[in-house]
1. Being modelled with pLDDT of 95 or more, within 11 Å of the ligand (Cβ to nearest atom) and of a type in the set (A, V, I, L, M) is true for just one of Ile122, Ile182, Ile144. Which residue is that?
2. Against the condition away from the ligand (no atom under 16 Å from the Cβ), surrounded by 14 or more Cβ atoms within 10 Å (Cβ to Cβ) and more than 30 Å from Ile52 (Cβ to Cβ), how does Leu320 come out, does it pass?
3. Which one is surrounded by the fewest Cβ atoms within 10 Å (Cβ to Cβ) among residues in the range 142-179 that are without any contact (Cβ under 8 Å) to a residue 24 or more places away in the chain and of a type in the set (S, T, N, Q)?
4. Filter the range 253-268 for residues that are away from the ligand (no atom under 16 Å from the Cβ) and closer than 30 Å to Ile55 by Cα and give the result.
5. Among Val103, Val129, which is the only one that is away from the ligand (no atom under 15 Å from the Cβ) and assigned by TED's automatic domain parsing to the domain that holds Ile158?
6. Filter the range 343-353 down to residues that are at pLDDT 95 or above and under 26 Å from the mean Cα position of the chain (by Cα), then give me how many there are.
7. Does Leu302 satisfy the criteria of being modelled with pLDDT under 95 and either more than 15 Å from the ligand (Cβ to nearest atom) or touching a Gly at 6+ places or on another chain (Cβ under 7 Å) (or both)?
8. Can you spot a residue in the range 390-399 that is in a helix (DSSP H, G or I), at negative phi and out of contact with any helix residue (DSSP H, G or I) (no Cβ under 6 Å at 6 or more places or on another chain)?
Amino acid sequence: MKTPPYNLQEEKMVLDPEKIKKDFPILNRKIHGKPLVYLDNAATTQKPLAVIEAIHHYYLNENSNIHRGVHTLSEQATLAYEGAREKIRAFIGAKETSEIIFVRGATEGINLIAQTYGRKFIGSGDEIVISTLEHHSNIVPWQILCEQVGAKLRVIPINDKGELLIEDLKKIINAKTKLMGITHVSNALGTIVPLKEIIKIAHEQNIPVVVDGAQAIPHLKVNVQELDADFYLFSGHKVYGPTGIGVVYGKKNFLEIMPPYQGGGDMISSVTFEKTEYNILPFKFEAGTPHIAGAIGLGVALDYLKTLDLEKVALYENELLSYALEKSSEMADLQIIGQSVDRAGVISFNLAQLHAHDVGTVLDRHGIAIRAGHHCAMPLMKRLGLEATCRVSFAVYNTKEDVDSLFKALQKTLEVLG
Ligand code: PMP
């Protein structure tokens, strides 16, 4: 049997976008006869061959259930799964692997915290603070919790550029505030939130902070200990990994006092009809058979990013962003939505008076994939007085040629629809 292709060599590569592009087989596709230009990375990223091969290898050679088996396959699968957990710990700078919980994605991660920490420690009359920038995944689970326990949601406002108003945050938090849920990077505008400062303000009032890192992990070097985040979560599929797998990081002292999320196999240490003792961390939060191949694939995806060097990736993506912003400033009919000084990976815009969906549909005929709509951030759209925007979001395999193709196609869109 071949050695599992789960550990990519940690040799740093020179960042060569054309070479990187070749690592992603799907980017060879043609759409409507045109080469695919994939600019919908905030929705999901494409997968490098290394990730696809790792999943393939796992199902071909090692598929079995984990933790309980005494046979070789189970041991190998367990090693690979737990190896992935360790990779994630190292990638986000957590202290212990027991602080890394596998979930289905960012959405499930937030629901987990709301329904465990939230149900236990938040009660009637308490307040939860979120921001105007949040994705529905970081709004609705808190609303459900508020309905369940009689708590109230408070919202940090933004300015017209799409930046959080920190001075208002200081006025919003008070003795009733029991938790803050905040995004690290806005999926709709790309705004990078000054997280360290916000967490410090919250901690001065003993308020734990849950960070939605879904859009940050692919673009920024994240260290949860440096940030002092109490919880940090993200989805695997937005960081070159598979769908159906994600991560919740939680400080051990919080995870230990939280009740389990779901009941079932693997999350117990003993069961009688009278009483169940729960398993140790992190297994207490992983009921049932997890997405083993997904976790392995995510581990390899993070290895892949490490070979590229996240700092270089961030610099490169910034260069692409500046290039695209410069090009948009030359197009009179294009209105950029969101002007945050600190931003990552995303440009939201509207073209003349055209509906975003029409623009997206015409671009698709040119082989260009972008997002059009409310980006699961309807309250943010309302604040901006919009129903929808077009959104271009970058990944490490995008190139200046992709940006050129986009602007050429936008010009043609204007000619056709304008
Ligand atoms: N938060 C943010 C900021 C997001 O962009 C997304 C996905 N668009 C989510 C949460 C939810 O992620 P998932 O659908 O993978 O659970």
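The values are calculated or read from the model by the stated rules, or taken from the named source; none is laboratory data. Just so we're clear, the structure is a prediction, and the values are computed from it rather than from any experiment. Glycine gets a Cβ as well: all are built from the backbone with ideal geometry, and neighbour counts include every protein chain shown.
1. Ile182
2. Considered against the rule, which asks whether it is away from the ligand (no atom under 16 Å from the Cβ), surrounded by 14 or more Cβ atoms within 10 Å (Cβ to Cβ) and more than 30 Å from Ile52 (Cβ to Cβ), Leu320 comes out as no.
3. Asn159
4. Once the filter is applied, which keeps residues that are away from the ligand (no atom under 16 Å from the Cβ) and closer than 30 Å to Ile55 by Cα, the range 253-268 yields Leu255, Pro260, Gln262, Gly263, Gly264, Gly265, Asp266, Met267, Ile268.
5. Step by step, each of Val103, Val129 is checked, and only Val129 is away from the ligand (no atom under 15 Å from the Cβ) and assigned by TED's automatic domain parsing to the domain that holds Ile158.
6. 5
7. When the stated conditions are applied, Leu302 does not pass them.
8. no
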